[in-house]
1. When a/c is below 1.5 the answer is rounded, else prolate if a/b is larger than b/c, else oblate, so apply that to the stretch 190-297 with a ≥ b ≥ c taken from the square roots of the Cα gyration tensor eigenvalues.
2. Starting at the first residue of the stretch 275-285, write each ³J(HN,Hα) from the Karplus equation 6.51 cos²θ - 1.76 cosθ + 1.60 with θ = phi - 60°, in whole Hz, x for Gly and Pro.
3. Sorted by accessible area (1.4 Å probe), largest first, how do E41, E275 line up?
4. What do you get for chymotrypsin sites (Phe, Trp or Tyr not before Pro) in the stretch 50-145 restricted to DSSP loop and a cutoff of at most 16 other Cβ within 10 Å of the site's Cβ?
5. What percentage of the solvent-accessible surface of the stretch 43-149, computed with a 1.4 Å probe over protein heavy atoms, is contributed by carbon and sulfur atoms?
6. For I312, what accessible surface area do you get with a 1.4 Å probe? Give it in Å², rounded to 10.
7. Too long at a 25 Å Cα-Cα cut-off: which of K280/K326; K195/K280; K99/K281; K199/K280?
8. For the stretch 284-306 and the stretch 177-253, what is the centre-to-centre distance using only Cα atoms, to the nearest Å?
Amino acid sequence: MAATESNTTILTRMRNYRPDPLIVLILLAVVIAIFLPARGEFADGFGVATTVAIAFLFFLYGARLSPEEAKQGFKHWRLHLIILVFTFLVFPVVGLAMKGLEPIVGPEMYLGLLYMTLVPSTVQSSVAFTSIARGNVAGAIVSASASNLLGVVLTPVLVMLLMSSSSGLVISGQVFLDVAIQLLLPFVVGQLSRKWTAKFASNSLTKQFDRISIAMVVYAAFSEGVVDGIWVSVPIWQLLFVCVLSVVLVAFMLWLTRYSAMKLGFNRGDQIAIEFCGTKKSLATGLPMAAVIFAGQSLGLIILPLMLFHQIQLMMCSWLAARYAKQYALAHPEEQPAA
């Protein structure tokens, strides 16, 4: 009987499954780039449009972030500090430790793996999974938002420190000016204009722009890779290796964040927020930042590991959040709706 119910549940989930619109758009951008890559004047014009789109995206981020929520959430400084430590210290150390894999994945793919460990945490999925698992949602909102805000500065600094000495990669101090103009300035303008723009930035139409701008970055990067002939040099087994590595990395970080949170005495809600916020890497922030930081350089293999890691972390954390939700329901039957 139990097996039948389990099979029925699986079939129901399969019928109700809807692919992530962001992933669909990214895959579509990749396919279009393979068959119709941007070239010549069109590529130049599309590059300008992408730059404008990235700036507008960070303006929307600024307009959406409530200063009142941030002030309340920042009072729980221990929670935010450990999440930031995992995001901008532990992850980069893991990235450096993967240097030994460079002979297997190649120098450019390794740089992509290293860059993936340097970007901020996600906001939407971190908060969503924390909510599903009945964790500290308010703490997750502030921590993830703070990670993205600080990442505008910390990610370029980490890239300068850890990636600029790598062979063939040129990163100058100009990066900080570019980041300030294209990312930080629009974000600040969004914050200052919240009184008039918060409603506009939060409506369903402008939220679609998040996905569109990221797809533009992917299309531009993959087009460049196709035109330069990069993709013909990447064997399938290497991509599969990066996928398996991403599964191992997500599993390890999920264990490490939860174990650390338990040892430090955080309650269940905070443990869940730390686990889901401290293990994520943001595609929405990481790709636009890569387009600014690595402007004028081949971007395809640098963003590919982040794209693969993002999808894998969503699948694994979705399963884990559902598991935590079931555990909470069993422990608190009085909070469940009546049949």
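The values are calculated or read from the model by the stated rules, or taken from the named source; none is laboratory data. All values derive from a computational prediction rather than experimental measurement. As a convention, Cβ positions derive from the backbone with ideal geometry for all residues, glycine included, and neighbour counts pool all protein chains shown. Note: areas computed on protein heavy atoms with side chains; ligands, DNA, RNA excluded. Shrake-Rupley method; radii C 1.70, N 1.55, O 1.52, S 1.80 Å.
1. Working: a/c = 2.86, a/b = 1.11, b/c = 2.58.
It comes out oblate by the Cα gyration axes.
2. For the stretch 275-285, the Karplus curve yields 5, 7, 7, x, 10, 8, 10, 7, 6, 5, 9 Hz.
3. On the way: E41 165, E275 5 Å².
Per-residue accessible area, sorted high to low, gives E41, E275.
4. F74
5. Numbers: 3040 of 4230 Å².
Carbon-and-sulfur percentage of accessible area, whole number: 72.
6. 20 Å²
7. K195/K280; K199/K280
8. 8 Å
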